[in-house]
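Each value in this text was obtained by applying a stated rule to the coordinates, not by laboratory testing. Being a predicted model, the structure only gives us computed values, none of them experimental. With ideal geometry, Cβ positions are generated from the backbone for all residues, glycine too; neighbour counts draw on all protein chains shown.
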Amino acid sequence: MKLHDLRPDEGATKKRKRVGRGTGSGKGKTSGRGTKGQNSRSGGGVHLTFEGGQLRLVKRLPKMRGFNNRFKVTYIPVNLDQLAERFGSDAEVSPEALNAAGLLGNVTDPVVVLARGDIDKALKLKVHRISKRAQEKIEAAGGSVELLPYEVNKNLPRS
């Protein structure tokens with residue numbers, strides 16, 4: 001088989017519809033557009049959201065209101081039961097270690113530790129935020145907690 005032998009499968013391709021090529025073609029004169037009216041003209045037709053003159057859905061919906069706070073900090077939650085199953089005793093738990101363990105997507109994201117589950121390992125936590133109950137459980141297991149500073153990028157242009 002050579003390149004010149006290749007053909008598309010039977011029925012895989014359709015012939016292009018050639019309109020406006022005389023009445024004998026079946027698509028002559030008005031080219032399948034009917035007679036007169038909005039849809040027969042070039043550039044004619046109704047817009048995408050037209051609903052026959054009734055108030056269209058996009059106009060009935062309320063506009064987006066409010067504003068987006070550029071300085072909002074969204075913490076990535078990590079629970080104690082996740083730490084217990086992924087880290088051994090006396091392990092240092094930092095954003096880099098959480099990323100390596102698959103609990104944190106981006107090392108630069110701020111982390112909050114929450115108290116779901118129990119822990120019996122003495123872990124050294126270095127996180128941006130921790131709930132009171134989680135801190136109590138960590139310290140009861142003999143671990144320690146160090147809070148890392150987190151600052152939103154303040155060098156954004158003012159709007």
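Please work out the C-alpha center-to-center distance from the range 100-129 to the range 22-63 and express it in whole Å.
The range 100-129 and the range 22-63 have Cα centres spaced 58 Å from each other.
To the nearest 0.05, what FRET efficiency results for HIS4 and LEU48 with a Förster distance of 35 Å applied to their C-beta separation?
For HIS4 and LEU48, the calculated efficiency is 0.20.
Enumerate the amide H contacts of VAL93 below 5 Å, restricted to partners 5 or more residues apart or on another chain; note that Pro and chain-start residues carry no placed amide H.
HN-HN under 5 Å from VAL93: LYS124, LEU125, LYS126.
Assuming R0 = 30 Å, can you tell me the calculated FRET efficiency for the pair VAL152 and ALA101, based on Cβ-Cβ distance, to the nearest 0.05?
Calculated value: 0.70.
Over the range 53-143, what is the mean sequence separation of C-alpha contacts under 8 Å (at least six apart), divided by residue count, expressed as relative contact order in percent?
29 percent
How much length is gained on full extension from THR30 to ASP120, taking 0.36 nm per residue of separation minus their Cα-Cα distance?
Here the answer is 24.2 nm.
Using a Gaussian network model of the chain whose springs link C-alpha atoms within less than 10 Å, name the residue from THR108, THR23, THR49 with the highest mean-square fluctuation.
THR23
Once phi is turned into θ = phi - 60°, what whole-Hz ³J(HN,Hα) does the Karplus curve with 6.51, -1.76 and 1.60 give for every residue of the range 100-110, x standing for Gly and Pro?
My calculation for the range 100-110 gives 5, 7, x, 9, 9, x, 10, 4, 7, 6, x Hz in order.
Which label belongs to the value computed from this structure, given these candidates for semi-axes √(5λ) of the Cα gyration tensor in Å: (1) 28, 20, 16; (2) 65, 29, 15; (3) 22, 20, 15?
(2)
Can you give the FRET efficiency to the nearest 0.05 for ARG16 and VAL58, using r as the Cβ-Cβ distance and R₀ = 41 Å?
Efficiency at R0 = 41 Å is approximately 0.70.
What are the ³J(HN,Hα) values, in whole Hz, obtained from phi via the Karplus relation 6.51 cos²θ - 1.76 cosθ + 1.60 with θ = phi - 60°, for each residue of the range 116-124 in sequence order, with x given for Gly and Pro?
5, x, 10, 9, 10, 9, 7, 9, 9
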